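The block underneath contains the structure these notes are about, expressed in structure tokens.
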Amino acid sequence: MPGPLSDPVRICLVGVSNFAQSHSGSIQRMVEEGLAILSCAVVRSPDKYAEAVANYKSRGVTVYTSYPEMLEAEKGNTELVALPVAIPDHGETSVMAMEAGYHVLCEKPPAATIEQLDAMIETSERTGKVCCIGFQNQSKNTVRALKQAVCDGKLGEIEHIEVMATWVRKDSYYHRNDWAGKLIWQGKYCLDGPTQNALAHYLFNALYWASPRWLRADDPVRVRGEMYHAHPIESSDLGAVKVETAGGVDITYLVTLAGWENIGPLSKVYGTKGMAEWSMSGPTILRIEGQPEQVIDWDRQREHDEVFRNTILYIRGLTPELNCPAAMTRPYTVAVNAGFQSNGRPTAIPAEFVTRYEEEGGDVFTAINDIEAIIRRGYEERKTYSDMGIAWARETPWVDTRDYREFKPEF
């Protein structure tokens, strides 16, 4: 753990609810470590969050109700802007901050579309300002250890990677903000769902492990996506993405937020010399030919905090590596955009294949019948739902992503 800085990085937090609370907690821990100062916050609805505003003011934190006003007023004072904002706003708010002279820590996903992400990358390169993305797994010891094993060639050449997860999300999850479960929000692409939001980390992990180069993810050359929903939403709560990468790796990604119980995420990485198994809250296990099984225990550190710690130390020149710069995430956004483009508007799963009921207290539970068995089968057989011939699934075409620069869905 680094010691206090003589010149702590001054941070602005944009937002106060939902995931902004995670950012707030991480920033407070950076303050306690002497690495940061929370200099200001943007709270667009101060009356709605009067208690939070009063708390900020009691601590000497300047509160703004306008993001552009903050960017103008804090020049020369605040250095880093933390952006746990709505997915459709990631690109615009990040570019605005960097153009105004600020470093950026933007929550994942990096942007809704490849055009927005490319603008973020170009702005960061042109202005020299840091643009870090909150894919905290790239700061997790087990993820990094597996990446190092890949880079060192311990697994040989990577051939295929599988990812699975079933999570439970009730209707209240989709009521937490205006953009949850939306394809388009306020005229801008959102693509909210497990692939673009809650379980986005694990598609990115697969692309990250697919590349034998440190701090690089492998580029997709073609992508096929299947997107469905069981909840009454317009976007997806069940996804499958197949990716073929430039390095010849085949990725199968199967996830849902309409599960019966929380399972995973789980990943398997197969190479010509062995394989690895990874789980979100467990160890990484390396099985290399001719060697004893190697177990890398999860250190149980809060990787959300490490995202801030790494960004701060990078800004101060105290570490040579930024764990997740925006440019590194481009393969992920290509895969997501192409997956939605392959599928078009997500398909509603017919009611006879869904269990949906109101619980005591008024929340509504939704799960796809037999989804755990279906996803586990796909995970083992490297197949999507249509590949397996599931009754509610439909085939989708491959999208060529070798020069993918524009998101063109048929919504």
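The values are calculated or read from the model by the stated rules, or taken from the named source; none is laboratory data. Being a predicted model, the structure only gives us computed values, none of them experimental. A quick note on method: Cβ atoms are made from the backbone with ideal geometry, for glycine too, and the neighbour counts reach across all protein chains shown.
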Those residues that are in a strand (DSSP E or B) and touching a helix residue (DSSP H, G or I) at 6+ places or on another chain (Cβ under 8 Å), I need them from the stretch 269-283; list them, please. Val269, Gly271, Ala276, Trp278
I'd like the full set of residues that are out of contact with any Ser or Thr (no Cβ under 6 Å at 6 or more places or on another chain), surrounded by fewer than 20 Cβ atoms within 10 Å (Cβ to Cβ) and in a loop (DSSP other than H, G, I, E, B), limited to the stretch 370-393. Asp370, Lys383, Ser386, Asp387, Met388, Gly389, Ala391, Trp392
Take the stretch 163-192 and flag every residue that is closer than 15 Å to Glu277 by Cβ and either surrounded by fewer than 21 Cβ atoms within 10 Å (Cβ to Cβ) or of a type in the set (Gly, Ala, Ser) (or both). Ala165
Among the residues of the stretch 84-135, which ones are β-branched (Val, Ile, Thr) and under 21 Å from Phe407 (Cα atoms)? Ile87, Thr93, Val95, Thr113, Ile114, Ile121, Thr123, Ile133
Among what's in the stretch 280-293 and is in contact with a Gly (Cβ under 8 Å, 6 or more places away or on another chain) and crowded, with 16+ Cβ neighbours inside 10 Å, pick the residue that is farthest from Leu155 (Cα to Cα). Met280
I'd like the residue in the stretch 308-330 that is in a loop (DSSP other than H, G, I, E, B) and in contact with a helix residue (DSSP H, G or I) (Cβ under 6 Å, 6 or more places away or on another chain) and, out of all such residues, is surrounded by the most Cβ atoms within 10 Å (Cβ to Cβ). Cys324
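Yes/no matrix, rows are residues, columns are (1) β-branched (Val, Ile, Thr); (2) under 21 Å from Val269 (Cβ atoms):
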{"site": "Tyr173", "(1), (2)": "no, no"}
{"site": "Asn177", "(1), (2)": "no, no"}
{"site": "Asn205", "(1), (2)": "no, yes"}
{"site": "Trp214", "(1), (2)": "no, yes"}
{"site": "Arg224", "(1), (2)": "no, yes"}
{"site": "Thr252", "(1), (2)": "yes, yes"}
Of those in the stretch 246-272 that are in contact with a strand residue (DSSP E or B) (Cβ under 6 Å, 6 or more places away or on another chain) and more than 30 Å from Thr366 (Cα to Cα), the residue surrounded by the fewest Cβ atoms within 10 Å (Cβ to Cβ) is Ala246
In the stretch 161-195, what residues are among the small types (Gly, Ala, Ser), in a loop (DSSP other than H, G, I, E, B) and under 19 Å from Lys108 (Cα atoms)? Ala180, Gly181, Gly193
Filtered residues of the stretch 8-38 (kept if over 19 Å from His90 (Cα atoms), of a type in the set (Gly, Ala, Ser) and crowded, with 20+ Cβ neighbours inside 10 Å): Ser26, Ala36
If you scan the stretch 102-134, which residues turn out to be among the hydrophobic types (A, V, I, L, M, F, W, C) and either outside any loop (DSSP other than H, G, I, E, B) or assigned by TED's automatic domain parsing to the domain that holds Ser281 (or both)? Val104, Leu105, Cys106, Ile114, Leu117, Ala119, Met120, Ile121, Cys131, Cys132, Ile133
Please verify whether Val307 is of a type in the set (A, V, I, L, M, F, W, C), under 30 Å from Glu115 (Cβ atoms) and not assigned by TED's automatic domain parsing to the domain that holds Lys268, treating the condition exactly as stated. yes
Determine if the stretch 221-228 includes at least one residue that is part of a strand (DSSP E or B), in contact (Cβ under 8 Å) with a residue 24 or more places away in the chain, in contact with a strand residue (DSSP E or B) (Cβ under 9 Å, 6 or more places away or on another chain) and basic (Lys, Arg). yes
Identify all residues within the stretch 137-174 that are under 17 Å from the mean Cα position of the chain (by Cα), more than 30 Å from Glu359 (Cβ to Cβ) and hydrophobic (A, V, I, L, M, F, W, C); write none if there are none. Val143
